[in-house]
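The values are calculated or read from the model by the stated rules, or taken from the named source; none is laboratory data. Note that the structure is predicted; figures quoted are calculated from it, not measured. Cβ placement follows ideal geometry from the backbone for every residue including glycine, while neighbour counts extend to all protein chains displayed. The protein model used for the area step is the full one, side chains on, heavy atoms only, and it has no ligands, DNA or RNA in it. Shrake-Rupley method; radii C 1.70, N 1.55, O 1.52, S 1.80 Å.
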Amino acid sequence: YLDRESFNDPEANIRGGNPVLFPICGQLEEGVYELDGATYTMRNHGVARNRAWEVVSTSEEGEASVTLRLQSGEGTREQFPFEFELLFTYALVDGALHIRQSYRNLSDTAMPFYAGFHPYFKSTSKALVYDTDATRYLDYNDNEVKPLRGAVDLGGLKESVALLDADKREIAFPGPGGTGRVHMSYSDVFKYVVLWQVNDKPFVCVEPWMALNAEFNRKDELFMLPAGETLKAQLSIGYTR
């Protein structure tokens, strides 16, 4: 799904596509966090989704793919005081999109982060049944943990909900107009799937996250990447009629 008007407005939040969430997913408490005695300000979902990535290479050998790179710079350090390199390969293989990710810490200390994705899927219904083994979800509209039974109705909700306890790193749900199935699979580091919508807009977002909202404030399950090391992960999105 893509809302062209908001996508073209640099002051608006992105409304469509599949934004990259790094080094945080979701929101911070009052938009700030503290690290090693210093306070930093960061917009929702971090620094990666609003910056231009460099094209590193393309390929047509066995797949149609492009590899993109984002590196730390002056614009990222004031919000996130670490040196990093992200290399993402987007590949079309057998009718599915595969996103192969490399998160590299170029700093001389361990780098905390929790990454994710924010894919928008066209849907006229906001009440979908998701194929998942999760049994509970956190409703950010009232901050209550609720049992997951049948359809999750996002209609009328301002805030998102987060599936909490899935063991399998996969999820499926109806495609546009209720036809076909969208299938997603992802690496073990993505512990949660967040569901979100906007009233009167024909989409739902189904988002794999490494941690939940405000994790930089809580620091309960921050992923710590050692200095000089790389984390590799994958996300695949497919569709069957």
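Listed values, structure above:
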item: Selected residue (criterion: nearest to THR124 (Cα to Cα)) from residues of segment 180-222 that are touching a Phe, Trp or Tyr at 6+ places or on another chain (Cβ under 6 Å) and aromatic (Phe, Trp, Tyr); result: PHE203
item: Residue list for segment 33-88, filter: charged (D, E, K, R) and not in a loop (DSSP other than H, G, I, E, B); result: GLU34, GLU54, ARG69, GLU74, ARG77, GLU85
item: Pick from segment 13-27, criterion part of a loop (DSSP other than H, G, I, E, B) and open to solvent by less than 30 Å² (accessible area, probe 1.4 Å), ranking: farthest from ASP220 (Cα to Cα); result: ILE14
item: Residue within segment 128-141 that is within 29 Å of MET224 (Cα to Cα), over 19 Å from the mean Cα position of the chain (by Cα), of a type in the set (A, V, I, L, M, F, W, C) and open to solvent by 20 Å² or more (accessible area, probe 1.4 Å) present; result: no
item: Only listed residue being acidic (Asp, Glu), open to solvent by 50 Å² or more (accessible area, probe 1.4 Å), closer than 22 Å to GLU221 by Cβ and at pLDDT 95 or above, chosen from GLU83, GLU30, GLU60, GLU54; result: GLU30
item: Contacts under 6 angstrom Cβ, first residue in segment 34-59 being under 24 Å from ILE99 (Cα atoms), partner open to solvent by 50 Å² or more (accessible area, probe 1.4 Å), 6 or more apart; result: ASN44/GLN27; GLU54/ARG69; VAL56/ARG69
item: Some residue of segment 224-241 being touching a Ser or Thr at 6+ places or on another chain (Cβ under 8 Å) and modelled with pLDDT under 95; result: yes
item: Residue list for segment 89-109, restricted to those being in contact (Cβ under 8 Å) with a residue 60 or more places away in the chain, part of a strand (DSSP E or B) and either buried (at least 16 other Cβ atoms within 10 Å of the Cβ) or hydrophobic (A, V, I, L, M, F, W, C) (or both); result: ALA96, LEU97, HIS98, ILE99, ARG100, GLN101, TYR103, ARG104, ASN105
